[in-house]
Amino acid sequence: MIWDKEETLPREEIKAIQLAKLKDTVRYIYDRVKPYRDKMDAAGIKPDDVQTLEDLKRLPFTYKADFRDHYPDGLFAVDKKDIVRYHASSGTTGKPTVVGYTRNDLDMWLNNVARLACMGGATADDVAQISFGYGTFTGALGLHGGLEKIGASVIPMSSGNTNKQIMFLQDMGVTLLVATPSYALHLGEEIRNRGIDPEKDLKLHIGLFGGEGMTEPMRDEMHKVWGDQFVCTQNYGMSELCGPGVAGECTELCGMHVNEDWFIPEIIDPETEEVLPPGELGELVVTCLGKEALPLVRYRTGDLTRLMYEPCKCGRTTCRMENISGRADDMLVIRGVNVFPTQIEEVLLKIDEIGPHYEILVERRNRLDVMTITVELIDDRLLDSYAKLSELESRIKKALKAQLGLATQIRLVAPNSLQRFEGKAKRVTDLRKDGL
Ligand code: DLL
């Protein structure tokens, strides 16, 4: 089902909507948000200079640092009395990034989430278990509100408490699960460990995942634990932009449709800040259209992806963004080679004997970078055979060398020995100190 006609407009009409809203947004932010007005003045650009979508390029960027510099609400464009909800980013260090919504913002946000729920196959008949942690994280209340909008029955489970998760999945006839992909995998494994076969014993057939990436091999793992009936899509967003609701995969599984009547995506080279043509990989920059409390122009997301404008078989005409391949700041530089954790994950998940959980440790030994990847075996009987273990270890090293061009150390550990996460997984520890 397609939720809104705006998802299927001819490109010229999408562009016309974007231009009209862009002009209003730039005027609005210039008049109401001093830090942004100062930036525009410094760049010598006035709202009236924006006459075409091409003019977007001339506007200054907004950075995460702007939120820090104007903490907590210096980028807001409305009075406190007009704010009906606050959320905050999921970052764990330092002050969070605080975001606010007016009543209209909430409506727009949750409507955009309703769209992506439909993209993933949700309907009013679904019983949805939300296993994102409730709290200031936008994921839980965002998916909660969007699913309610389409008429699904929502269970606000929150994360953790595996026994209760499983009990509700069984007793309530849950058909749809909302979670981070890493938590969904963990939950699926726990269910299998208890002798429950999701394909036969549960009604679950839809997964709406987000908050962190799901690579294609990880989607395959998802089918292994949840069964072949399980259609899982991912969606993308970030608190600063609204939360979930920026883009979502449809069941054609060929990228995430951007809600382009509310967000203008651009891809830039993160170093030169040049705008790149469609299809090229770079940093996603997003302009929010029509937001009242926290309008953002050219927000540097730090996420790396590419945009595709070819029409999709599902009937939507909105552009699609490819799976996020990493964050510009996630990138590890190891002995001069740029490495994204997603590249490592893709290699690991293609090897049958190892499971989907892994940890990456980077250290400096004798002034050389050393990357150790700890992976779980699927079957602990392998631990009894030195010959098989060392053959597997060298196969993994070879595959990683071919993909990354780097030698790595591999630690193979027993099933279920690595930490599991209820929210976003933390897989990388970098212990290197500058220059040492
Ligand atoms: O994670 C919003 C969200 C919640 C989106 C639930 C979808 C579902 P933040 O906590 O501000 O907001 O974190 C935003 O998470 O910049 C990405 O790096 C990452 N991220 C979110 N969705 C995806 C995804 C929410 N589908 C940051 N693929 C973003 C890869 C994702 N990374």
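The values are calculated or read from the model by the stated rules, or taken from the named source; none is laboratory data. Predicted model only: the values in this text are computed from it and were never measured. Heads up, the Cβs are rebuilt from the backbone with ideal geometry, glycines too, and the neighbour counts pull from every protein chain shown. To get the accessible areas, we keep the full protein, side chains included, count just its heavy atoms, and leave off ligands, DNA and RNA. Shrake-Rupley method; radii C 1.70, N 1.55, O 1.52, S 1.80 Å.
Of the solvent-accessible surface of the stretch 212-260, computed with a 1.4 Å probe and all protein chains present, 52% belongs to carbon and sulfur. Once C-alpha pairs closer than 8 Å and six or more residues apart are averaged by separation and normalised to the residue number of the stretch 337-430, the relative contact order reads 35 percent.
In the neighborhood of MET172, defined by Cβ-to-Cβ distances under 15 Å, what is the net charge if each Lys or Arg adds +1 and each Asp or Glu adds -1? Summing Lys and Arg as +1 and Asp and Glu as -1 gives -2. Here the gap between LEU281 and ARG335, fully extended at 0.36 nm per residue and compared with their Cα-Cα distance, gives a gain of 17.2 nm.
Per residue, the average separation of C-alpha pairs within less than 8 Å and at least 6 apart gives the chain a relative contact order of 14 percent.
The stretch 52-68 and the stretch 36-51 have Cα centres lying 10 Å from one another. Once the 1.4 Å probe is applied to the protein heavy atoms, the stretch 203-280 comes out at 31 Å² accessible per residue. Given R0 = 25 Å, the distance between the Cβ atoms of LYS57 and LYS23 translates into a calculated FRET efficiency of 0.95.
Give the carbon-plus-sulfur fraction of the accessible surface of the stretch 314-436 in %, rounded to a whole number; probe 1.4 Å, heavy atoms of protein chains only. Carbon and sulfur together cover 49 percent of it. Please give the calculated 222 nm ellipticity per residue for the chain, where each DSSP H segment of at least 4 residues contributes -39500 (n - 2.57) and the sum is spread over every residue; nearest 500 deg cm²/dmol? Theoretical 222 nm ellipticity from helices: -9500 deg cm²/dmol. Relative protection proxy for 180-187, 305-312, from highest mean packing down: 180-187, 305-312 (other beta-carbon atoms within 10 angstrom).
Residue farthest toward the positive end of the dipole of the chain, with Cβ of Lys/Arg at +1 and Asp/Glu at -1: which of TYR71, HIS186, GLY405? The one lying farthest along the dipole's positive direction is TYR71. The residues packed around ASP380, meaning those with a beta-carbon under 13 Å from its beta-carbon, carry a net charge of -2 if Lys and Arg are +1 and Asp and Glu are -1. Helix 216-226 and the longest principal axis of the Cα set of the chain meet at an angle near 60°. In this simple spin-label model, placing a label point 7 Å from the Cα along the Cα-to-Cβ direction at both ALA42 and ARG365 gives a separation of 4.5 nm. Of the two radii for the stretch 80-329, the radius of gyration is 0.96 times the Kirkwood radius, both from the alpha carbons; that is the Rg over Rh value. The alpha carbons of the stretch 192-280 give a radius of gyration and a Dmax of 16.8, 54 Å, in that order.
Measuring nothing but alpha carbons in the chain and taking Rh as the Kirkwood radius, the Rg to Rh ratio lands at 0.98. With a cut-off of 13 Å between beta carbons, the residues surrounding ALA402 carry a summed charge of +4, where Lys and Arg count +1 and Asp and Glu -1.
Centre-to-centre separation between the Cα atoms of the stretch 205-269 and those of the stretch 94-118: 16 Å. Scanning residues 5 or more positions from GLY245 or on other chains, those with amide H under 5 Å from its amide H are TYR236, with H placed 1.01 Å from N in the peptide plane. On the principal axes of its alpha-carbon atoms, the stretch 337-430 has extents of 36, 34, 25 Å, going from largest to smallest. For the stretch 68-199, the ratio of Cα radius of gyration to the globular rule of thumb 2.2 N^0.38 Å stands at 1.20.
Accessible area per residue for the stretch 293-391, computed on protein heavy atoms with a 1.4 Å probe, is 45 Å². Calculated accessible area for the stretch 76-152 comes out at 38 Å² per residue, all protein chains present (probe 1.4 Å; ligands, DNA, RNA ignored).
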